[in-house]
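Have a look at the structure below before the remarks.
The values are calculated or read from the model by the stated rules, or taken from the named source; none is laboratory data. The structure presented is a predicted model; accordingly, all values stated were derived computationally and were not measured. In this analysis, Cβ positions are derived from the backbone assuming ideal geometry, glycine residues included, and neighbour counts consider all displayed protein chains.
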Amino acid sequence: MAVRRTSGAIGPTRQALKGVGVKLKIRPLTPDLWPALEDLFGKSGASNGCWCMYWRIGSAYHKRPREKNKAALRKIVQRGPPPGLLAFAGDLAVGWCQLTPRAVLPWLDRDRRLKRADDIPVWTLSCLFVRRGYRKQGVTSALIDGALKAAKRAKAPALEAYPLDNDKPPSSSFTGYAATFARAGFKTIARHVPARPIMRHDLKVISR
């Protein structure tokens, strides 16, 4: 089911779907676009039934029914501000990233791999999901580009990500891969464990 888009795109993206030529549009997840996220994630949710609540509530996430996690995310969307971005190819949502100030995801600090590198009030791109059939076509790169623009517009000093970085990565990663973020200008600022760097893109505007 394709869900019609509304206004509010974060500017044109540089990426088109490889081999297709369809330009992607990146839009904040506002309440009117909730059906598009539902369609993207499917009945059971995204990877392993995920509804992007783990970094907010921690281990309680696994003890609750998926529908309760879904309802919790929907309430966050309805309350605002948007907790992430959707990538659209035409009228179809093909990708998602959770984008928030790090401070609203308290369980990042409970994970020893991802504990804060410093006290800078960064934003974080903590989760990614791309629709089957659209993977390895530039959707992730478009979402990262949109996240950088949105975080900069919100006057965040920097944007962080927590991708995988190892010799034999799995076929998919809900946090993305280090090489993808490096190509977008992210730098490794900390590495508490070898395979999980903390990568950051400085967004400060130099005054003239």
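Here Ile144 clears all of (1) more than 22 Å from Ala36 (Cα to Cα); (2) under 11 Å from the mean Cα position of the chain (by Cα) except the condition numbered (1).
Any residue at all in the range 115-123 that is part of a loop (DSSP other than H, G, I, E, B), touching a helix residue (DSSP H, G or I) at 6+ places or on another chain (Cβ under 9 Å), without any contact (Cβ under 8 Å) to a residue 40 or more places away in the chain and not aliphatic (A, V, I, L, M)? Scanning the range 115-123 turns up at least one residue that is part of a loop (DSSP other than H, G, I, E, B), touching a helix residue (DSSP H, G or I) at 6+ places or on another chain (Cβ under 9 Å), without any contact (Cβ under 8 Å) to a residue 40 or more places away in the chain and not aliphatic (A, V, I, L, M). Number of residues in the range 97-114 that are in contact (Cβ under 8 Å) with a residue 60 or more places away in the chain and of a type in the set (D, E, K, R) equals 2. Restricting attention to the range 75-97, the residues that are under 21 Å from Thr124 (Cβ atoms) and not in a strand (DSSP E or B) add up to 8. Does at least one position in the range 50-61 carry a residue that is under 13 Å from the mean Cα position of the chain (by Cα) and outside any loop (DSSP other than H, G, I, E, B)? So far as the range 50-61 goes, yes, one or more of its residues are under 13 Å from the mean Cα position of the chain (by Cα) and outside any loop (DSSP other than H, G, I, E, B).
It is to be established whether one or more residues within the range 96-103 are of a type outside the set (Asp, Glu), at pLDDT below 90, touching a Gly at 6+ places or on another chain (Cβ under 6 Å) and surrounded by 16 or more Cβ atoms within 10 Å (Cβ to Cβ). Walk me through how you get there before you give the answer.
To start, the set of residues in the range 96-103 that are of a type outside the set (Asp, Glu) comprises 96-103.
Now drop any that are not at pLDDT below 90, which leaves none.
There is no residue in the range 96-103 that is of a type outside the set (Asp, Glu), at pLDDT below 90, touching a Gly at 6+ places or on another chain (Cβ under 6 Å) and surrounded by 16 or more Cβ atoms within 10 Å (Cβ to Cβ).
Applying the set (1) within 15 Å of Cys97 (Cβ to Cβ); (2) of a type outside the set (Asp, Glu); (3) out of contact with any Cys (no Cβ under 7 Å at 6 or more places or on another chain) to Pro121 leaves exactly one unmet item: (1). Just one residue in the set Phe174, Phe181, Phe186, Phe129 is surrounded by fewer than 23 Cβ atoms within 10 Å (Cβ to Cβ) and within 15 Å of the chain's Cα centre (by Cα); that residue is Phe174.
A search for C-beta distances below 9 Å between a residue of the range 64-82 that is within 18 Å of Leu99 (Cα to Cα) and any residue that is of a type in the set (Asp, Glu) and part of a helix (DSSP H, G or I), counting only pairs 6+ apart in sequence or on different chains, returns Lys70/Glu38; Arg74/Glu38. Return the pairs, sorted by first residue and then second, in which the second residue is among the charged types (D, E, K, R), the first residue lies in the range 137-153 and is outside any helix (DSSP H, G or I), the beta carbons are less than 8 Å apart, and the residues are 6+ apart or on different chains. Within 8 Å, the pairs are Gln137/Lys18; Gly138/Lys18.
Among the residues of the range 1-44, count how many are at pLDDT 65 or above and hydroxyl-bearing (Ser, Thr, Tyr). It would help to see each step written out before you state the result.
To start, the set of residues in the range 1-44 that are at pLDDT 65 or above comprises 22-44.
Subsequent filtering for residues that are hydroxyl-bearing (Ser, Thr, Tyr) retains 30, 44.
Qualifying residue count, the range 1-44: 2.
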